[in-house]
Amino acid sequence: MYCPQCKLHLDTQDYKCPDCRSLLVTNLNGRSSAVVPDNSWVVIAGVDDDINKELAKGAMDSGNIPSLFINTENENDNSLLGRLISYDNELELERNIIMVPKEYRSEALFLLKGLFGVEIEVEVKR
């Protein structure tokens, strides 16, 4: 694991850096092959309130993970979600859907588990 703030490699099972308390990441230099959201991005989680959305966004930013937060109550966002993934309209989704490039999926879930203390993964069938 690496600390994105201290730039140190840490051999630890913790989610946070022992020095600066930043959330740890699995690599420091990852770049997505899809910088603009497309159908290679995956839904990793959903949160219902804006506070948890901002916490999750901060975690993604601190880990240098490209992310997209889609508000399912917003017509334009919902249209974008429909173009990126296909899902059953009867499926009840959280208010804020979090998407990342598929190559960041594991790292993003790791950060969210460290942040919230539980796994919050949403499974959406394509």
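The values are calculated or read from the model by the stated rules, or taken from the named source; none is laboratory data. All values reported here derive from a predicted model rather than from experimental measurement. Reconstructed Cβ throughout: ideal geometry from the backbone, glycine too, with neighbour counts over all protein chains shown.
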Check your understanding: Considering region 42-53 alone, what residues qualify as being within 13 Å of residue 112 (Cβ to Cβ) and either of a type in the set (Lys, Arg) or without any contact (Cβ under 8 Å) to a residue 60 or more places away in the chain (or both)?
Key -> 53
Review point. Being loosely packed, with under 13 Cβ neighbours inside 10 Å, at pLDDT below 85 and more than 21 Å from residue 103 (Cβ to Cβ), is that true of even one residue in region 57-73?
Key: yes
Review point. Hey, residue 43 hits all of (1) buried (at least 19 other Cβ atoms within 10 Å of the Cβ); (2) modelled with pLDDT of 85 or more; (3) not in a strand (DSSP E or B) but one; which does it fall short on?
Key: (3)
